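Novice: Pasting a structure here, questions to come.
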Amino acid sequence: MDSDANRGLVLRSHTGAAYRFDPGALCLELLPTGGPGPFSRYEVLHEPADLATWAGRSRLTPTPELRITDGEVADARRLRNALFRAATARTRNQPPTPGDLDVINDAAAHAPLAPAIRADGTRHWAGTGNGTQLLATVARDAVDLLTGPLAPRIRVCAAEDCHLIYVDTSRPGRRRWCSMEHCGNRHKVRALRTRRFEDG
């Protein structure tokens, strides 16, 4: 995941097709693991190994060595749900609720994972981290995103049946889809069918 070409999560559509989704920020990478309300049916964070697996697939490089407790998995779900609601509110130009901000700020107040440099010049994480440090790293990224210059560029995929949230880091700021190879391609196919129908 070091190169831009390989950056992003590999997700699966309802048909089972795999596609790459780059939400543009570490904190937004946590959102596809489930969510509040109706999105709870997509829940994948059930036990410590699930959160460790997510960390290994995230843009954190290299993958941190982690010791995670069941309580920290519950904290991860709580933080993710707060981030989901806060990011969604931002896409609607609405302020996040105080309760969601409290969850994000409380997580960010803990010590994050500590980066370090090896003797050979490569990057690594100092020692074995824990789930609380992982979540602090995610929450601090969320604070930077929600208060920074890219906050107005937080978007929801334009497809009616897709709710993936991303930050538009493209230079023109015109990204509409979670992934061109998934929702963008579906839109192209539908548009082509519509034109053929109208022309026929």
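Novice: Taking the condition over 20 Å from G24 (Cα atoms) and either touching a residue at least 40 places away in the same chain (Cβ under 8 Å) or among the hydroxyl-bearing types (S, T, Y) (or both), does T63 pass?
Specialist: Against the criterion (over 20 Å from G24 (Cα atoms) and either touching a residue at least 40 places away in the same chain (Cβ under 8 Å) or among the hydroxyl-bearing types (S, T, Y) (or both)), T63 does not qualify.
Novice: Looking at G121, G131, which one is at pLDDT 95 or above and either on the phi < 0 side of the Ramachandran plot or surrounded by 15 or more Cβ atoms within 10 Å (Cβ to Cβ) (or both)?
Specialist: G131 is the lone residue from the list that is at pLDDT 95 or above and either on the phi < 0 side of the Ramachandran plot or surrounded by 15 or more Cβ atoms within 10 Å (Cβ to Cβ) (or both).
Novice: Scan the strands (runs of 3 or more DSSP E) fully inside segment 82-177 and keep the ones with 1 or more residues being touching a Ser or Thr at 6+ places or on another chain (Cβ under 9 Å) and under 27 Å from A49 (Cα atoms).
Specialist: Numbers: elements: 115-117, 123-125, 154-156, 165-167.
Output list reads 123-125, 165-167.
Novice: Need pairs with beta-carbon distance below 7 Å; first residue within 10 Å of N81 (Cα to Cα) and within segment 32-45, second open to solvent by 10 Å² or more (accessible area, probe 1.4 Å) and of a type in the set (D, E); sequence gap 6+ or separate chains.
Specialist: Hits for this filter: G34/E43.
Novice: I need a count of the residues in segment 51-109 that are open to solvent by 30 Å² or more (accessible area, probe 1.4 Å), under 22 Å from I154 (Cβ atoms) and more than 14 Å from the chain's Cα centre (by Cα).
Specialist: 16
Conditions tested, residue by residue: (1) in a helix (DSSP H, G or I); (2) modelled with pLDDT of 95 or more.
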{"residue": "A5", "(1), (2)": "yes, no"}
{"residue": "S40", "(1), (2)": "yes, no"}
{"residue": "L45", "(1), (2)": "no, yes"}
{"residue": "W54", "(1), (2)": "yes, yes"}
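Novice: Further question: When residues of segment 155-167 are filtered for being within 12 Å of L28 (Cα to Cα) and open to solvent by less than 20 Å² (accessible area, probe 1.4 Å), how many remain?
Specialist: Residues that pass the stated criteria total 3.
Novice: Does segment 140-154 include one or more residues that are of a type outside the set (K, R) and exposed (fewer than 11 other Cβ atoms within 10 Å of the Cβ)?
Specialist: yes
Novice: Quickly run through segment 55-79 and pick out the residues that are under 17 Å from G35 (Cβ atoms) and out of contact with any helix residue (DSSP H, G or I) (no Cβ under 7 Å at 6 or more places or on another chain).
Specialist: Selection gives A74, R77.
The values are calculated or read from the model by the stated rules, or taken from the named source; none is laboratory data. Treat the numbers as computed from the prediction; the structure is a model and nothing was measured. Cβ: placed from backbone, ideal geometry, glycine included. Neighbour counts: every protein chain shown. For accessibility, only protein heavy atoms count, side chains too; no ligands or nucleic acids. Shrake-Rupley method; radii C 1.70, N 1.55, O 1.52, S 1.80 Å.
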